[in-house]
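A.B. asks: Following this message is one structure expressed as structure tokens.
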Protein chains: 2
Amino acid sequence: MQDRSHHSTKLTDAERIDRLRLIRSDNVGPRTFRSLVAHCGSARAALERLPDLARRGGARQIRIAREEDARAELAACKKLGVSLLASGEVGYPPRLAAIDDAPPLLGVRGARDTSMRPMIAIVGSRNASGAGLKFANQLARDLGEAGFVIISGLARGIDQAAHRASVESGTVAVLAGGHDRIYPPEHEDLLGAILDANGAAISEMPPGHEPRARDFPRRNRLISGAALGVVVVEAAQRSGSLITARMANEQGREVFAVPGSPLDPRAAGTNDLIKQGATLVTEAADVIQMVTPIMERPLVLPLEEPDGDPFAGDPEDSERARIASLLGPTPISIDDLIRLADTSAAVVRTVLLELELAGRLERHGGGLVSLI
Amino acid sequence: MQDRSHHSTKLTDAERIDRLRLIRSDNVGPRTFRSLVAHCGSARAALERLPDLARRGGARQIRIAREEDARAELAACKKLGVSLLASGEVGYPPRLAAIDDAPPLLGVRGARDTSMRPMIAIVGSRNASGAGLKFANQLARDLGEAGFVIISGLARGIDQAAHRASVESGTVAVLAGGHDRIYPPEHEDLLGAILDANGAAISEMPPGHEPRARDFPRRNRLISGAALGVVVVEAAQRSGSLITARMANEQGREVFAVPGSPLDPRAAGTNDLIKQGATLVTEAADVIQMVTPIMERPLVLPLEEPDGDPFAGDPEDSERARIASLLGPTPISIDDLIRLADTSAAVVRTVLLELELAGRLERHGGGLVSLI
């Protein structure tokens, strides 16, 4: 089984270095990366314009990743058996490329054909019940037999059970830290088994990056983004798996939840998800039935083309001031901003880029921005 | 809290006797009763025309309940503290009157104001789990506190827990047999406690009627029909509570189900109900939120008026033969039959009544009929 309609590209070494430098520079996240490439035409051009844009946004200077550091990171990856892949390259999960904050470069270790196959995420409590673990095991096994790769977070509990049950059929672990910083450390063995059996591990973090608390929610968007849907097996209220479910929802992925007794606190989160519209799952067929028609639709990837002549939109100082004054701590949509600013979309986008590179702007999902 | 917009009527003794004789006569069920009264103008007139109608339908004779038997049943009811009430009389649950096979006369024992209040049905497994019993107890308590009467079937397990928890706030037991034939017998004490605390018991069966297996599904339609909605707490696949849920659905009542682990066979039925669209319940608020807007809508009662001049529609022999030939063991809608028979609706309805009284016709829900 193959996910349909992904094109296949291959970066030159120079392009890969440029992209790596750009995403590792200050104030450049995946969304800014995409805006910069669209605005400037290429990662190379964006690197050149970065200091100028940041200065206009109000920053005195901006740290740009050095070429030698990018080369060192590539070398470290190579040593770990990790390929740094751009979307469209073989091994970059096709659906992950379609989310609006897809990593510009993704570290993929292991079998690149596995990370190209249709995936279902199975996530849940770290301190799962015996019933939850047993169910996760059976579901992962049945979905694996049906041809799906199981993607999860290598955590204790449900994640572990789901990976373990799909080692043979194919599973992908998504890391919150670098590829040499496995969390929890005792799951190095599980990861080894996954990789030995034609599975894969992916991370957007550089080698050596120790995972911090805030890296886990960020990582969770990769789990949901790469999958057709996310099955939450057990989740207490306000647990991390619910963040993954929320992200899945925002990304247009299917959300599935396994029901449980109202008296079981580990089912409170999953029962709530079902109340909010998640599909109730008692067996693999419930998942397969829902995702089969989705697999048959062509994948729509976001545009990566330049948004017009990069210099046509250079803003006047007065425009820059007007746009900045319209922004505040409350998120506003870029479309509203363009309407209110009474100027061209290109000018507004340029000013937003400048502010972002100066560390003054935050981008949210759904095209919303706010001042920091 | 009162259910809105019920009118209040009172039968004369003679009317009550006529109605009781009619419903206790052969081949007269609740739907036929309603058709007969509509066709003939009154229960009295229907009793008079019964032999003639049955003969035309092909029966040699029809047993009509004798007046002395009806008087004896009324006396037996009185002795048991049971009132035989018609829809519209105080004590006949207003919503129950709105189902299309509502009992023409309902035996009500206990507090008639309680059986007029808004009700929620709580049903489930007889061999319930501890968690299921605990949940039923809490739900019944919370709904009782919110002003709802709990209606259930006095069975072991979930029914018992629901009644027990709502003795103080008000509960109604629906019996499959006569008021003097409590099933299971060991629940006589529970029923006593219910009645002592301003609760009620209802039955459409005459005193002395021993409940048989087939009486329970029939009884279940009264549980769902009298309620705003039915909560199924625990149910294995193909269990009786699922029949109540199906009836609730056909009657336009809300269906609620309590989720459980896919590994718990007692949750298989409730999880399936949720997959089919039932509302997932983890607390009383889930139920209250759903039924509150329904309580605020006026109740629509089916028409009980005569369907025109009773003699205008007397069919010719050729019409009777044509209509009978259009019928078979596969249910067909009366509307389709009227179209196909190429005659007046009154004639078709009269022929159906004749066949029914001759024991040759079965009426299904949704206006469908078939030959037996």
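A.B. asks: Report yes if some residue within the stretch A:219-227 is within 14 Å of chain B (Cβ to nearest Cβ) and within 15 Å of A:Ile120 (Cβ to Cβ); otherwise report no.
C.D. replies: no
A.B. asks: Also, quick follow-up: Examine the stretch A:126-148 for a residue that is more than 21 Å from the chain's Cα centre (by Cα), among the hydroxyl-bearing types (Ser, Thr, Tyr) and within 14 Å of chain B (Cβ to nearest Cβ), and state whether such a residue exists. Explain how you work it out, then say what you get.
C.D. replies: Restricting attention to the stretch A:126-148, the residues satisfying the condition of being more than 21 Å from the chain's Cα centre (by Cα) are A:126-147.
From the residues that got through so far, the ones that are among the hydroxyl-bearing types (Ser, Thr, Tyr) too are A:129.
If we keep only those that are within 14 Å of chain B (Cβ to nearest Cβ) as well, we get A:129.
Scanning the stretch A:126-148 turns up at least one residue that is more than 21 Å from the chain's Cα centre (by Cα), among the hydroxyl-bearing types (Ser, Thr, Tyr) and within 14 Å of chain B (Cβ to nearest Cβ).
A.B. asks: Identify, please: which residue in the stretch B:310-322 is touching a helix residue (DSSP H, G or I) at 6+ places or on another chain (Cβ under 7 Å) and among the charged types (D, E, K, R) and is, among those, modelled with the lowest pLDDT? Break it down into steps so the answer makes sense when it comes.
C.D. replies: Taking the stretch B:310-322 and keeping what is touching a helix residue (DSSP H, G or I) at 6+ places or on another chain (Cβ under 7 Å), we get B:310, B:312-315, B:319-320, B:322.
Going one step further and asking which of them are among the charged types (D, E, K, R), we end up with B:314, B:319-320, B:322.
Details: B:Asp314: 78, B:Glu319: 88, B:Arg320: 89, B:Arg322: 89.
For the stretch B:310-322, the residue satisfying everything is B:Asp314.
A.B. asks: Next question. Could you grab the pairs with beta carbons closer than 7 Å, sequence gap of 6+ or different chains, first residue in the stretch A:11-22 and free of Cβ contacts under 8 Å to residues at least 40 places away in the same chain, second one surrounded by fewer than 22 Cβ atoms within 10 Å (Cβ to Cβ) and of a type in the set (D, E, K, R)?
C.D. replies: Close Cβ pairs (under 7 Å, with a partner that is surrounded by fewer than 22 Cβ atoms within 10 Å (Cβ to Cβ) and of a type in the set (D, E, K, R)) amount to A:Asp18/A:Arg44.
A.B. asks: Which residue is surrounded by the fewest Cβ atoms within 10 Å (Cβ to Cβ), if the candidates are limited to the stretch A:233-246 and must be more than 14 Å from chain B (Cβ to nearest Cβ) and in contact with a Ser or Thr (Cβ under 8 Å, 6 or more places away or on another chain)?
C.D. replies: If we filter the stretch A:233-246 for residues that are more than 14 Å from chain B (Cβ to nearest Cβ), which is where we start, we get A:238-246.
Okay, now just the ones that are also in contact with a Ser or Thr (Cβ under 8 Å, 6 or more places away or on another chain), so A:239, A:241, A:244-245.
Details: A:Ser239: 20, A:Ser241: 31, A:Thr244: 30, A:Ala245: 29.
Among those residues, the one meeting the criterion is A:Ser239.
A.B. asks: Within the stretch A:234-246, track down each residue that is without any contact (Cβ under 8 Å) to a residue 40 or more places away in the chain and either of a type in the set (S, T, N, Q) or not in a helix (DSSP H, G or I) (or both).
C.D. replies: Correct list: A:Gln237, A:Arg238.
A.B. asks: Go through (1) in contact (Cβ under 8 Å) with a residue 24 or more places away in the chain; (2) part of a loop (DSSP other than H, G, I, E, B); (3) within 14 Å of chain B (Cβ to nearest Cβ) one by one and return the number of the condition A:Arg181 breaks.
C.D. replies: (3)
A.B. asks: Give, as residue ranges, the helices (runs of 4 or more DSSP H) completely inside the stretch B:59-168 that count at least 2 residues that are of a type in the set (A, V, I, L, M) and under 20 Å from B:Pro211 (Cα atoms). Working first, answer last.
C.D. replies: On the way: elements: B:67-80, B:130-145, B:158-165.
The qualifying helices (runs of 4 or more DSSP H) are B:67-80.
A.B. asks: To continue, here is another question. For A:Ala65, are the conditions met, namely being surrounded by fewer than 21 Cβ atoms within 10 Å (Cβ to Cβ), in contact (Cβ under 8 Å) with a residue 40 or more places away in the chain and farther than 24 Å from A:Met205 by Cβ?
C.D. replies: Values: surrounded by fewer than 21 Cβ atoms within 10 Å (Cβ to Cβ): yes; in contact (Cβ under 8 Å) with a residue 40 or more places away in the chain: yes; farther than 24 Å from A:Met205 by Cβ: no.
So A:Ala65 does not fit the description; no.
A.B. asks: Please work out if A:Arg21 is part of a helix (DSSP H, G or I) and closer than 22 Å to A:Val369 by Cβ.
C.D. replies: Numbers: part of a helix (DSSP H, G or I): yes; closer than 22 Å to A:Val369 by Cβ: no.
Taking the combined requirement at face value, the residue does not satisfy it.
A.B. asks: Also, quick follow-up: With the condition kept exactly as written, say whether any residue in the stretch B:149-168 is in contact (Cβ under 8 Å) with a residue 12 or more places away in the chain and in contact with a Phe, Trp or Tyr (Cβ under 7 Å, 6 or more places away or on another chain). Walk me through how you get there before you give the answer.
C.D. replies: Initially, the stretch B:149-168 is screened for residues in contact (Cβ under 8 Å) with a residue 12 or more places away in the chain, giving B:149-168.
If we keep only those that are in contact with a Phe, Trp or Tyr (Cβ under 7 Å, 6 or more places away or on another chain) as well, we get none.
Checking the stretch B:149-168: not a single residue is in contact (Cβ under 8 Å) with a residue 12 or more places away in the chain and in contact with a Phe, Trp or Tyr (Cβ under 7 Å, 6 or more places away or on another chain).
A.B. asks: When the stretch B:270-290 is examined, which residues are found to be buried (at least 23 other Cβ atoms within 10 Å of the Cβ) and more than 8 Å from every other protein chain (Cβ to nearest Cβ)?
C.D. replies: Selection gives B:Thr270, B:Leu273, B:Ala278, B:Val287.
Let's see how each residue does on (1) under 16 Å from B:Val172 (Cβ atoms); (2) surrounded by fewer than 23 Cβ atoms within 10 Å (Cβ to Cβ); (3) at pLDDT 95 or above:
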position: B:Leu80; (1), (2), (3): no, yes, yes
position: B:Leu84; (1), (2), (3): no, no, yes
position: B:Gly88; (1), (2), (3): no, yes, no
position: B:Ala102; (1), (2), (3): yes, no, yes
position: B:Leu106; (1), (2), (3): yes, no, yes
position: B:Met119; (1), (2), (3): yes, no, yes
position: B:Ile122; (1), (2), (3): yes, no, yes
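A.B. asks: Working only within the stretch A:144-169, note down all residues that are over 22 Å from A:Ala267 (Cα atoms) and buried (at least 24 other Cβ atoms within 10 Å of the Cβ).
C.D. replies: Correct list: A:Phe148, A:Val149, A:Ser166.
A.B. asks: A further question follows. Quick check, is A:Ala213 among the small types (Gly, Ala, Ser), in a helix (DSSP H, G or I) and more than 14 Å from chain B (Cβ to nearest Cβ)?
C.D. replies: Here the answer is no, as A:Ala213 does not meet what is asked.
A.B. asks: Give just the number: which of (1) within 13 Å of another protein chain (Cβ to nearest Cβ); (2) crowded, with 24+ Cβ neighbours inside 10 Å; (3) touching a residue at least 24 places away in the same chain (Cβ under 8 Å); (4) not in a helix (DSSP H, G or I) does A:Val230 not satisfy?
C.D. replies: (1)
A.B. asks: Specify the residue that is surrounded by the most Cβ atoms within 10 Å (Cβ to Cβ); the eligible residues are those in the stretch A:247-269 that are more than 8 Å from chain B (Cβ to nearest Cβ), among the hydrophobic types (A, V, I, L, M, F, W, C) and not in a helix (DSSP H, G or I).
C.D. replies: Here the answer is A:Ala257.
A.B. asks: If we keep just the residues of the stretch B:291-300 that are of a type outside the set (Lys, Arg) and modelled with pLDDT under 90, which is surrounded by the most Cβ atoms within 10 Å (Cβ to Cβ)?
C.D. replies: So the first thing to find is which residues in the stretch B:291-300 are of a type outside the set (Lys, Arg), and the list is B:291-296, B:298-300.
If we keep only those that are modelled with pLDDT under 90 too, we end up with B:296, B:298-300.
Numbers: B:Glu296: 8, B:Pro298: 8, B:Leu299: 15, B:Val300: 9.
Looking at residues that are of a type outside the set (Lys, Arg) and modelled with pLDDT under 90, I get B:Leu299.
A.B. asks: Still on this model: Assess whether A:Ser115 counts as being touching a Gly at 6+ places or on another chain (Cβ under 8 Å), polar (S, T, N, Q) and within 18 Å of A:Gly177 (Cα to Cα). Break it down into steps so the answer makes sense when it comes.
C.D. replies: Details: touching a Gly at 6+ places or on another chain (Cβ under 8 Å): yes; polar (S, T, N, Q): yes; within 18 Å of A:Gly177 (Cα to Cα): no.
Against the criterion (touching a Gly at 6+ places or on another chain (Cβ under 8 Å), polar (S, T, N, Q) and within 18 Å of A:Gly177 (Cα to Cα)), A:Ser115 does not qualify.
A.B. asks: If the requirement is being modelled with pLDDT of 90 or more, assigned to a helix (DSSP H, G or I) and surrounded by fewer than 18 Cβ atoms within 10 Å (Cβ to Cβ), which of these qualifies: B:Ser370, B:Ser325? Steps first, please.
C.D. replies: Details: B:Ser370 fails: assigned to a helix (DSSP H, G or I).
Answer to the check: B:Ser325.
A.B. asks: I'm trying to understand the selection: among the residues of the stretch B:328-344, which are part of a helix (DSSP H, G or I) and in contact (Cβ under 8 Å) with a residue 12 or more places away in the chain? Lay out the reasoning, then the answer.
C.D. replies: Initial filter on the stretch B:328-344 (part of a helix (DSSP H, G or I)): B:334-341.
Once the filter is applied, which keeps residues that are part of a helix (DSSP H, G or I) and in contact (Cβ under 8 Å) with a residue 12 or more places away in the chain, the stretch B:328-344 yields B:Ile334, B:Asp335, B:Leu337, B:Leu340, B:Ala341.
A.B. asks: Then there is this: As an exercise: evaluate A:Asp26 against (1) within 19 Å of A:Arg218 (Cβ to Cβ); (2) surrounded by 17 or more Cβ atoms within 10 Å (Cβ to Cβ) and give the number of the one condition it does not meet.
C.D. replies: (2)
The values are calculated or read from the model by the stated rules, or taken from the named source; none is laboratory data. The structure presented is a predicted model; accordingly, all values stated were derived computationally and were not measured. Methodologically, a virtual Cβ is constructed for each residue, glycine included, from the backbone with ideal geometry; neighbour enumeration extends over all protein chains shown.
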